[in-house]
Each structure stands twice: as C-alpha cells, then as structure tokens.
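Asks: Structure below; questions to follow.
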Amino acid sequence: MKALVGVKRVIDFNVKPRVKADGSGVDLANVKMSMNPFDEIAVEAAVKLKEAGIVSEVVVVSLGVSACQEVLRTALAVGADRAILVECDELSGDTGLQPLTVAKALKAICDREQPQLVILGKQAIDDDAGQTGQMLAALAGFAQATFASKVVIADGEATVTREVDGGLQTIALKLPAVITTDLRLNTPRYATLPNIMKAKKKPLDVFKPGDLGLDLTPRVKTLKVVEPPKRKGGALVPDVPALVDRLRSEAKVIS
Ligand code: AMP
C-alpha cells in the first residue's frame, strides 16, 4: 500500500511573524522556514506504518516555491522514499496557497499515484486553516478522519481515534482515506547525518501546475493583514472583593 504525505514549508514555529509595512501580508524575507510541525507528525506516522510492513512506499508532496525542496529532503531523511514538488512560485505568499488550491493539486497527485492512504497535518501553522484534508477527501471521494491521535490499519480498513471536543472518538474507515494528524499521534524522529546524506540521492520529481492540467488561480483575495492588538497592561488587586468589583465595573463580565 502506498502512502502519500503532504508537507508544507512554513515560517518556523520559533519565529515571531512580522507583518509587511503595507499590510499586504507576512514578511518572509530572511525568515527561517521549516516543515509544518503537524506534517512532521504525518511523515512519522507514514514511516512507522512502513516499518511495520503495512505501507510499502511513502511519497511526500509539497506545493510551493522551489525552496520547498528543503522540507521534502528533510522528509526523505527521516524515511520517506520519494518526493514530489508542485512548483508554483507565483502562488507563494499569503493569498496563493489556499487550502482549495492545495487540495486540487493533491487530488491531481492522487490520480497519478493512486495512494490508499493520504496523511496530512490537521492544520498548517501559518494559515491555521485546517481545511485541506477535508477538501481533498471530498474532491477525491475518499473517506476521512481528521485530528487523529491513533491509527491502526488492518484488512483494508483504518481504525482511527480522533481528538474531539470533550473526548476521543474512534471510527472505522474504508481505504482509500485521508487522515489528518493531531499532536499526540507520535513524536517525530530527528534526521541523522548519514540519512541526510542518503536523502540527497532519493528521487524528487518537480512538476508545474500546467504539467498536471491544473488551474490553480486563487478564489480568495487577502484584503489586509494586521498585527493583533497590543495587550493592555494588567493590574494587581489586593483581595477578592476588589477583583469582583473590577470585574463588575470595568470588565463588565459580571453584573
Ligand atoms: P491547512 O488546511 O492549510 O491548515 O493545511 C492542512 C494540511 O494540508 C497541512 O498540515 C499539510 O499537510 C497540507 N498542506 C497544506 N498546504 C500544503 C502545501 N502547500 N504543500 C503540501 N501540503 C500542504
């Protein structure tokens, strides 16, 4: 069984994003970029399934600028077999790589590769959309299980435990299916130096959207990006009655 894993290149989670002075987006110049943390979990899940003899090949896919090859090489260094880049420099930035755009591209790759399992992150930490997996499942007609914290594959079926509000839900899916990873699914491994060297020789195919017959024109336009409002200073109150008084008179959260 083949597993396809989506990996997105995003601003590193340790970096505080800066908004461009003209409000047109987030400034990516000279900023450290890395693999989306939920996608590291997705790659780890696929590699573990390969080690368990359930998956035979792990193919990682990224959509974006040519520098996405770096995150693809990282995925190859932790155990993926092959990588595909759908290169679209013109779609980089805030407006271009929208979930529907990515889902359409991943659907085209699914048509070519015929995976039984697609593993994506539950969300990308730059757009926080949490939509791509659901859209891909709908476009491809695959079953879906989002926010997975446990995945068991047996007899052509996936049994997935999902993190939902108030607890855990376990569902069974017929394959092919899309699974999106939550934080507790696993702890991703680090790439070792010998594996980083070996990854340089693994296959990485580059396609342009036109090669896949895709029209990825964005449907949504970003009007403005602004920093969140600065937090107003807090205040120390001497006792509980003073706190209740302020909650009533200033915050107006109790009456
Ligand atoms: P989102 O719906 O944007 O929050 O993204 C959810 C997941 O879809 C991510 O964790 C990735 O697995 C996948 N994804 C989103 N954008 C891309 C991209 N440009 N390239 C590859 N995978 C992506």
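FYI, it's all coordinate maths here, none of it is from the lab. Treat the numbers as computed from the prediction; the structure is a model and nothing was measured. Note: ideal-geometry Cβ built from the backbone for every residue, glycine included; neighbour counts use all protein chains shown.
Asks: If you wrap a convex hull around the Cα atoms of the range 20-84, how much volume per residue is inside, in Å³? Intermediate values should be presented prior to the final figure.
Replies: On the way: hull volume 5.9 nm³, N = 65.
About 91 Å³ per residue, rounded to a whole number.
Asks: Give the Kirkwood hydrodynamic radius (Å, one decimal) of the range 56-137, defined as one over the mean of 1/r across all pairs of different Cα atoms.
Replies: Computed over Cα pairs of the range 56-137, the Kirkwood hydrodynamic radius comes out at 13.2 Å.
Asks: Apply 1/(1 + (r/R0)^6) to the Cβ-Cβ distance of SER149 and MET1, taking R0 = 22 Å, and write down the FRET efficiency to the nearest 0.05. Intermediate results must be reported in sequence, preceding the final value.
Replies: Numbers: r = 21 Å, r/R0 = 0.97.
Efficiency, rounded to the nearest 0.05: 0.55.
Asks: Next up: Starting from the 7 Å offset along Cα-to-Cβ, what nm value, one decimal, do you get for the label separation of THR187 and ALA52?
Replies: Roughly 1.9 nm, to one decimal.
Asks: Can you compute the helix-only [θ] at 222 nm over the chain? Use -39500 (n - 2.57) per DSSP H run of at least 4 residues, normalise by all residues, nearest 500 deg cm²/dmol.
Replies: Working: 6 runs with 63 residues, N = 255.
-7500 deg cm²/dmol, from helical runs alone.
Asks: Which ³J(HN,Hα) values, rounded to whole Hz and listed in residue order, are derived for the range 145-150 from phi using the Karplus coefficients 6.51, -1.76 and 1.60 in 6.51 cos²θ - 1.76 cosθ + 1.60 with θ = phi - 60°, glycine and proline given as x?
Replies: Values per residue, Gly and Pro as x: 9, 9, 6, 6, 10, 7 Hz.
Asks: So what's the angle, to the nearest 10 degrees on a 0 to 90 scale, between helix 68-77 and the longest Cα principal axis of the chain?
Replies: Its long axis makes an angle of about 70 degrees.
Asks: Now a separate question. What's the local net charge at MET33, with K and R +1, D and E -1, over the other residues with C-beta under 9 Å away?
Replies: Values: positive: ARG9, LYS32; negative: ASP12, GLU70.
Result for the local shell: 0.
Asks: Something else: Note down the net charge around GLN123, summing +1 for each Lys or Arg and -1 for each Asp or Glu among other residues with Cβ under 11 Å from its Cβ.
Replies: Numbers: positive: LYS8, LYS122; negative: ASP39, ASP126, ASP127, ASP128, ASP182.
Computed value for this residue: -3.
Asks: Among DSSP beta bridges whose residues both lie in the chain, state the antiparallel percentage, nearest 5. Working shown, then result.
Replies: Values: 18 of 45 bridges.
Roughly 40 percent of the beta bridges in the chain run antiparallel, per DSSP.
Asks: Let me ask something else about it. Could you state the number of Å between the C-alpha centres of the range 190-255 and the range 149-175?
Replies: One Cα centre to the other: 27 Å.
Asks: While we're here: Taking springs between alpha-carbon atoms closer than 10 angstrom, which of LEU204, LEU49, LEU28 fluctuates most in the Gaussian network model of the chain?
Replies: Of LEU204, LEU49, LEU28, the Gaussian network model singles out LEU28 as fluctuating most.
Asks: Further, regarding this structure: Hand me the trypsin sites (Lys or Arg not before Pro) from the range 155-255 located in a DSSP loop with no more than 14 other Cβ atoms within 10 Å, in residue order please. If you can, show how the numbers build up before the last one.
Replies: Working: sites: ARG162, LYS174, ARG184, ARG189, LYS198, LYS200, LYS201, ARG219, LYS221, LYS224, LYS230, ARG231, LYS232, ARG246, ARG248, LYS252; in loops: ARG189, LYS200, LYS201, ARG219, LYS221, LYS224, LYS230, ARG231, LYS232, LYS252.
Those satisfying the criteria are LYS200, LYS201, ARG219, LYS221, LYS224, LYS230, ARG231, LYS232, LYS252.
Asks: Starting from the Cα-Cα distance between ALA21 and LYS174, subtract it from 0.36 nm times their residue separation and give me the gain in nm to one decimal. It would help to have the intermediate numbers written out before the result.
Replies: Numbers: separation 153, 0.36 × 153 = 55.08 nm, distance 4.88 nm.
Additional length available on full extension: 50.2 nm.
Asks: Now, a different point. Build a GNM of the chain with springs between Cα atoms under 10 Å: which of PRO241, PRO37, PRO188 gets the top mean-square fluctuation?
Replies: Taking springs between Cα atoms under 10 Å, the residue moving most is PRO241.
Asks: Lysines within cross-link reach of LYS252: Cα-Cα under 18 Å, excluding same-chain residues under 8 positions apart?
Replies: In chain and number order, the partners are LYS232.
Asks: Here are some pairs, LYS150/LYS208; LYS20/LYS230; LYS50/LYS104; LYS16/LYS104; LYS16/LYS48; which of them have Cα atoms lying more than 23 Å apart in this structure? Walk me through the intermediate numbers first.
Replies: Working: LYS150/LYS208 35 Å; LYS20/LYS230 17 Å; LYS50/LYS104 26 Å; LYS16/LYS104 30 Å; LYS16/LYS48 32 Å.
Beyond 23 Å between Cα atoms: LYS150/LYS208; LYS50/LYS104; LYS16/LYS104; LYS16/LYS48.
Asks: With a 10 Å cut-off between alpha carbons and a GNM built on the chain, which of VAL237, VAL220, VAL58 moves the most?
Replies: The residue that fluctuates most here is VAL237.
Asks: Going by alpha carbons, how many degrees (0 to 90, nearest 10) lie between the helix axis of 99-113 and the longest principal axis of the chain?
Replies: The angle comes out near 20 degrees.
Asks: Moving to a separate point now. Would you mind calculating the gained length between ASP211 and ALA138 on full extension (0.36 nm times residue separation, minus the Cα-Cα distance), in nm to one decimal?
Replies: Numbers: separation 73, 0.36 × 73 = 26.28 nm, distance 2.28 nm.
Going from the current span to full extension adds 24.0 nm.
Asks: Going out from 0 in 10 Å bins, what whole percent of all Cα-Cα distances in the chain drops into each bin?
Replies: 7, 28, 30, 18, 9, 6, 2
Asks: I would also like to ask the following. Longest segment of the chain with no chymotrypsin sites (Phe, Trp or Tyr not before Pro) in a DSSP loop having at most 15 other Cβ atoms within 10 Å? Don't jump to the answer; show the numbers that get you there.
Replies: Numbers: sites that count: PHE13, TYR190.
Between the exposed loop sites, the longest stretch runs 14-189.
Asks: Given +1 on the Cβ of Lys and Arg, -1 on the Cβ of Asp and Glu, and no further charges, what dipole in debye does the chain carry about its Cα centre, rounded to the nearest 20?
Replies: Working: 34 positive and 31 negative charges, 65 e Å.
It works out to roughly 300 debye.
Asks: Loop only by DSSP, 10 or fewer other Cβ within 10 Å of the Cβ. Give me the trypsin sites (Lys or Arg not before Pro) in the range 25-114 that pass, ordered by residue number. All intermediate terms of the calculation are to be shown ahead of the outcome.
Replies: Values: sites: LYS32, LYS48, LYS50, ARG73, ARG82, LYS104, LYS107, ARG112; in loops: LYS32.
Qualifying residues, ordered by number: LYS32.
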